[in-house]
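Everything below concerns the one structure shown next.
The values are calculated or read from the model by the stated rules, or taken from the named source; none is laboratory data. Keep in mind it's a predicted model, so treat the numbers as computed, not measured. Cβ atoms come from the backbone with ideal geometry, glycine included; neighbour counts cover every protein chain shown. For accessibility, only protein heavy atoms count, side chains too; no ligands or nucleic acids. Shrake-Rupley method; radii C 1.70, N 1.55, O 1.52, S 1.80 Å.
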Amino acid sequence: MRSSIGDTDQADSSQVLLVKDEKVDVTSKNTKRIYDFEQVLDIVGSDGFYQKLLIYGFICPYSILMPILELCTVFLLSEPDHWCHVSGNETGTYTLAHWKERVLPKVIGADGHERYSQCFMYDEKSNETGDKRQMIPCNNGWEYDTTDYKRTIPTANNWVCSKSHYAAQAFTIASAGNAFGAICFGYIGDRYGRKIVLVVGTIINLIARTWSFYTTETFWLFLLTHFIDCPQFVGYWD
């Protein structure tokens, strides 16, 4: 009989944790059974100095900084209104609206409304007048509307007209990087722990994001740094 009871008690103790007065005491009869890991944390303490340092000293500041670093690309890659630069009005003789009327053709925009062309101008050497004047692509660069943004990556590198797809490609690469990070860093976190994902991901993110700001003149290099940087965002939240 004792052997049977002892076997039963041993089986029960292998399935539950017996505690008394916040200390493990498997010999006492005045015990309670703990089934959930959260209950164990309540007993051993889950709000110590280390937890506070981790949450308030690292996770909270990083959680504020990370969205800023990632979502700032929405503004950095913005393409404001633009038009061909045509020399001849450096002294400001004409207002901007009057000068556009003289040197820029009107086209139907994507919204179905008429507007000044963003990629074509009238040929200065053409002797024709009116709407029969010859149109040519912008050959002197562009001017940009600085009402909302003084400077963006497309305006700094003229990612407009024939290069207007550059910004869209950057966002596409970012989405691909996020998908890669969800799979890769999710596996690494399950395999080796979340701490290594958090620390390594933070280091890679800071290096790649900073590097990307200096690679905009070389488009493929900018895409590469953008792809390396974006997986860390999803990996962090995983």
Worksheet item: Which of (1) exposed (fewer than 15 other Cβ atoms within 10 Å of the Cβ); (2) within 27 Å of ILE136 (Cα to Cα); (3) over 16 Å from the mean Cα position of the chain (by Cα) does LEU221 not meet, given it meets every other one?
Response: (2)
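Let me confirm something: among ILE68, ILE5, ILE55, ILE64, which residue is at pLDDT 70 or above, out of contact with any strand residue (DSSP E or B) (no Cβ under 6 Å at 6 or more places or on another chain) and more than 30 Å from LYS150 (Cα to Cα)?
Numbers: ILE68 fails: more than 30 Å from LYS150 (Cα to Cα); ILE5 fails: at pLDDT 70 or above; ILE64 fails: more than 30 Å from LYS150 (Cα to Cα).
That would be ILE55, the only listed residue that is at pLDDT 70 or above, out of contact with any strand residue (DSSP E or B) (no Cβ under 6 Å at 6 or more places or on another chain) and more than 30 Å from LYS150 (Cα to Cα).
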Worksheet item: Is there any pair with a first residue in segment 86-113 that is in contact (Cβ under 8 Å) with a residue 40 or more places away in the chain and a second that is among the hydrophobic types (A, V, I, L, M, F, W, C) whose Cβ atoms are under 7 Å apart and which are 6 or more apart or on different chains, and what are they?
Response: VAL86/VAL103; VAL86/MET121
Response to the item:
Among THR152, THR146, THR202, THR216, the single one that is of a type outside the set (A, V, I, L, M) and over 30 Å from SER117 (Cβ atoms) is THR202
Practice prompt. Return the pairs, sorted by first residue and then second, in which the second residue is part of a helix (DSSP H, G or I) and open to solvent by less than 60 Å² (accessible area, probe 1.4 Å), the first residue lies in segment 57-71 and is under 12 Å from THR202 (Cα atoms) and of a type in the set (Ser, Thr, Tyr), the beta carbons are less than 7 Å apart, and the residues are 6+ apart or on different chains.
Written response: TYR62/THR202
Item to complete: Kindly establish whether THR27 is open to solvent by 70 Å² or more (accessible area, probe 1.4 Å), assigned to a loop (DSSP other than H, G, I, E, B), among the polar types (S, T, N, Q) and modelled with pLDDT under 70.
Response: yes
Fill in: Contacts under 9 angstrom Cβ, first residue in segment 182-194 being within 18 Å of PHE227 (Cβ to Cβ), partner open to solvent by less than 100 Å² (accessible area, probe 1.4 Å) and outside any helix (DSSP H, G or I), 6 or more apart
ALA182/ASP238; PHE185/ASP238; GLY186/ASP238
Worksheet entry | Matching residues, segment 52-85, being of a type in the set (Gly, Ala, Ser) and either closer than 30 Å to ILE136 by Cβ or surrounded by 15 or more Cβ atoms within 10 Å (Cβ to Cβ) (or both) | SER78
Discussion item. Any residue in segment 198-215 that is of a type in the set (A, V, I, L, M) sitting within a Cβ distance under 6 Å of a residue that is modelled with pLDDT under 85? List the pairs, counting only those 6 or more apart or interchain.
Written reply: ILE204/GLN232; ALA208/ASP229
Worksheet item: Of everything in segment 119-162 that's open to solvent by less than 60 Å² (accessible area, probe 1.4 Å), out of contact with any helix residue (DSSP H, G or I) (no Cβ under 9 Å at 6 or more places or on another chain) and among the aliphatic types (A, V, I, L, M), which residue is modelled with the lowest pLDDT?
Response: ILE136
